[in-house]
Amino acid sequence: MPRRVGADRRAVRLRADGHACMVAPRHCSARPASRPTFRRQRRIAQFTGSEIALLGFDSQLAPMSTKIRVTIWNEYRHEKENPKVAAVYPAGIHAALAEFLGAAEDFEIRTATLDEPEHGMTEAVLAETDVLIWWGHKAHQDVDDAIAARVAARVHAGMGFIALHSAHYAKPFKRLMGTTCSLCWRDDGEKERIWTVRPAHPIAAGVPAHFEIDPEEMYGEPFGIPEPDELIFISWFAGGEVFRSGATWQRSHGRVFYFRPGHETFPTYSDPNVRRIITNAVRWARPTVNLPDSAPRAERLED
Ligand code: ZN
């Protein structure tokens, strides 16, 4: 059997930090393209820009040279039904998020809401989404299970997922966590102090050691999440409770971030630190690969 040699077998996906993953080519001279070898997928190397240009790109890889395609999903029910919420977010929470995220030159923003066909989460939209932000609360049960499964599958393939506030009970988040995601709460409108406990993390870049949001809804422990891969923020509330407010998990090839603040009756998404954290999180959650789930038979690498 001929041995594969040379750079024409290879493709790379470049991360923002300059790292590139070598992956199996779609058109390999020695093996069918439908049988990538995972051993090669795991190989990591650094390349210069010119080397990357020579190597070319592969459809398994996220388009890292272009803008980050962000889709903001909002349930968009409170704003239409509760004047108190409409006063804070007249165009919807998704619009408020889109406004400040849209100011980032490296982001390309679109929005989707629950009452759109397929909740706006069509296969085509998800295929064109690098990072999905999710806000939901009163209508979690109205999200179709098949759509929740579709979203989770995209995360496993590489898409980033950011769950905000009451999205702790969103179907896609619960599916990705595999736990209850329950917590205790109190909607009295009280001071929240957020502590940055992992200041070196990219999501905490430019965020002070602590900052306050007043008023906010209280969320308290125990929070029914699996042990986070990284705990970045902890909240303290004036009523005495504490809460793991910012945490990350890797789920297959995708990155997940949960961020607590954002009750619908308070203007939390106008807070500059909250905005910075969500913006940082989008860049951190950017995909490095697009590898839909499969379990192919692997060819031997050695005779
Ligand atoms: Zn709330």
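Check whether at least one residue in the stretch 262-273 is open to solvent by 50 Å² or more (accessible area, probe 1.4 Å), part of a helix (DSSP H, G or I), away from the ligand (no atom under 16 Å from the Cβ) and not hydroxyl-bearing (S, T, Y), and report yes or no. Yes, that holds for at least one residue.
Give the number of residues within the stretch 160-198 that are over 17 Å from the mean Cα position of the chain (by Cα), within 16 Å of the ligand (Cβ to nearest atom) and part of a strand (DSSP E or B). Of the residues in the stretch 160-198, 10 are over 17 Å from the mean Cα position of the chain (by Cα), within 16 Å of the ligand (Cβ to nearest atom) and part of a strand (DSSP E or B). Would a scan of the stretch 157-177 turn up a residue that is open to solvent by 60 Å² or more (accessible area, probe 1.4 Å) and of a type in the set (S, T, N, Q)? Checked against the condition, which is being open to solvent by 60 Å² or more (accessible area, probe 1.4 Å) and of a type in the set (S, T, N, Q), the stretch 157-177 yields no hits at all. In the set A148, A157, A153, only one residue is touching a strand residue (DSSP E or B) at 6+ places or on another chain (Cβ under 9 Å), away from the ligand (no atom under 16 Å from the Cβ) and of a type outside the set (D, E, K, R); that residue is A157.
Mind checking which residues of the stretch 144-159 are in a loop (DSSP other than H, G, I, E, B) and touching a Leu at 6+ places or on another chain (Cβ under 7 Å)?
Scanning the stretch 144-159 gives G158, M159.
Contact map, the stretch 247-267: residues that are free of Cβ contacts under 8 Å to residues at least 60 places away in the same chain paired with residues that are β-branched (V, I, T) and open to solvent by 10 Å² or more (accessible area, probe 1.4 Å), Cβ distance under 8 Å, separation 6+ or inter-chain. Pairs shown: A247/I225.
The rows are residues; the columns are (1) of a type in the set (A, V, I, L, M, F, W, C); (2) closer than 22 Å to V289 by Cβ; (3) open to solvent by 30 Å² or more (accessible area, probe 1.4 Å); (4) touching a residue at least 40 places away in the same chain (Cβ under 8 Å).
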site: A91; (1), (2), (3), (4): yes, no, yes, no
site: L114; (1), (2), (3), (4): yes, no, no, yes
site: E123; (1), (2), (3), (4): no, yes, yes, no
site: Q141; (1), (2), (3), (4): no, no, yes, no
site: A149; (1), (2), (3), (4): yes, yes, yes, no
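Residue count for the stretch 203-228 satisfying the condition of being farther than 17 Å from A163 by Cα and away from the ligand (no atom under 16 Å from the Cβ): 10.
Just to be sure before I move on: is F259 of a type in the set (A, V, I, L, M, F, W, C), under 19 Å from L97 (Cα atoms) and either open to solvent by less than 50 Å² (accessible area, probe 1.4 Å) or touching a strand residue (DSSP E or B) at 6+ places or on another chain (Cβ under 7 Å) (or both) in the structure I sent? If you could, list the steps in order and put the result at the bottom.
On the way: of a type in the set (A, V, I, L, M, F, W, C): yes; under 19 Å from L97 (Cα atoms): yes; either open to solvent by less than 50 Å² (accessible area, probe 1.4 Å) or touching a strand residue (DSSP E or B) at 6+ places or on another chain (Cβ under 7 Å) (or both): yes.
Yes: the conditions hold for F259.
The values are calculated or read from the model by the stated rules, or taken from the named source; none is laboratory data. Just so you know, these numbers come straight off a predicted model, no measurement behind them. Note: ideal-geometry Cβ built from the backbone for every residue, glycine included; neighbour counts use all protein chains shown. SASA here: full protein model, heavy atoms, side chains in, ligands and nucleic acids out. Shrake-Rupley method; radii C 1.70, N 1.55, O 1.52, S 1.80 Å.
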